[in-house]
């Protein structure tokens, strides 16, 4: 194993959902935004933006969308946005009428810019002693979130990120064995999959059995099976919401 403080910190990553009643200093927020801005960006388009949600009423609405009450509690809430609106505005002011910013290629560029920036921000936050939780659950009702944040055309919320001073120390959640996620030259999933995951399922079962909070008995393969037939109502509308925002119309 490589002896490196950054690698060790990332390997010890734990999602933190409970934060102390201690604000994150504004200068620290600015530093984290600077880190996000220095993330790799496709074609140097910098096609993402970040909204700090500080209004309690808005945080409560987003907590309801996420079905995660802690989102409205202590901690600083960011929402990372795929943003081609800014670049459209630049082009319009320069007299350009052509606009392909809503196509799949440009949308995926903006989505990847925002996603990479989230992870960079998490690494930086944890290096400062903060905890973090990434919130894909903000898309449980994407249209409502767009309305809450008053997002213009050619923007779309990607991920939420709540950070703060940790008020819990959860166990480390086990990850899949490397052979199931790392292949050489071609896709080489070990077959059959489920029997070979028996030991991993047992470790996940133990993790849930021993976890300090939200105790339940579960396995990884059971969670995968449940997700196959689970389709939250509003998530089924994501394509239509994307198109209303001006994306994926081509």
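The values are calculated or read from the model by the stated rules, or taken from the named source; none is laboratory data. Since the model is a prediction, treat every value here as computed from it, not as a measurement. Backbone-built Cβ (ideal geometry, glycine too); neighbour counts: all protein chains shown.
Here are the numbers for the structure shown:
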| quantity | calculated |
| --- | --- |
| Flag if residue 228 is in contact with a helix residue (DSSP H, G or I) (Cβ under 9 Å, 6 or more places away or on another chain) and either under 30 Å from residue 144 (Cα atoms) or surrounded by fewer than 10 Cβ atoms within 10 Å (Cβ to Cβ) (or both) | no |
| Only listed residue being outside any strand (DSSP E or B) and either at pLDDT below 95 or in contact with a strand residue (DSSP E or B) (Cβ under 6 Å, 6 or more places away or on another chain) (or both), chosen from 169, 142 | 169 |
| Residue list for the range 12-58, filter: part of a helix (DSSP H, G or I) and crowded, with 19+ Cβ neighbours inside 10 Å | 32, 36 |
| Members of the range 117-152 that are within 18 Å of residue 46 (Cβ to Cβ), surrounded by fewer than 19 Cβ atoms within 10 Å (Cβ to Cβ) and more than 9 Å from the chain's Cα centre (by Cα) | 120, 152 |
| Condition met for residue 153 (out of contact with any strand residue (DSSP E or B) (no Cβ under 9 Å at 6 or more places or on another chain), touching a residue at least 12 places away in the same chain (Cβ under 8 Å) and part of a loop (DSSP other than H, G, I, E, B)) | yes |
| Options 167, 105: the member that is surrounded by fewer than 21 Cβ atoms within 10 Å (Cβ to Cβ), free of Cβ contacts under 8 Å to residues at least 40 places away in the same chain and either in contact with a helix residue (DSSP H, G or I) (Cβ under 8 Å, 6 or more places away or on another chain) or farther than 21 Å from residue 7 by Cα (or both) | 105 |
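Residues are listed down the side, and each one gets a yes or a no for (1) assigned by TED's automatic domain parsing to the domain that holds residue 45; (2) closer than 30 Å to residue 99 by Cβ; (3) part of a helix (DSSP H, G or I); (4) at pLDDT below 95:
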{"site": "115", "(1), (2), (3), (4)": "yes, yes, yes, no"}
{"site": "118", "(1), (2), (3), (4)": "yes, yes, yes, no"}
{"site": "157", "(1), (2), (3), (4)": "yes, yes, no, no"}
{"site": "190", "(1), (2), (3), (4)": "no, no, no, no"}
{"site": "195", "(1), (2), (3), (4)": "no, no, yes, no"}
{"site": "204", "(1), (2), (3), (4)": "no, no, yes, yes"}
{"site": "212", "(1), (2), (3), (4)": "no, no, no, yes"}
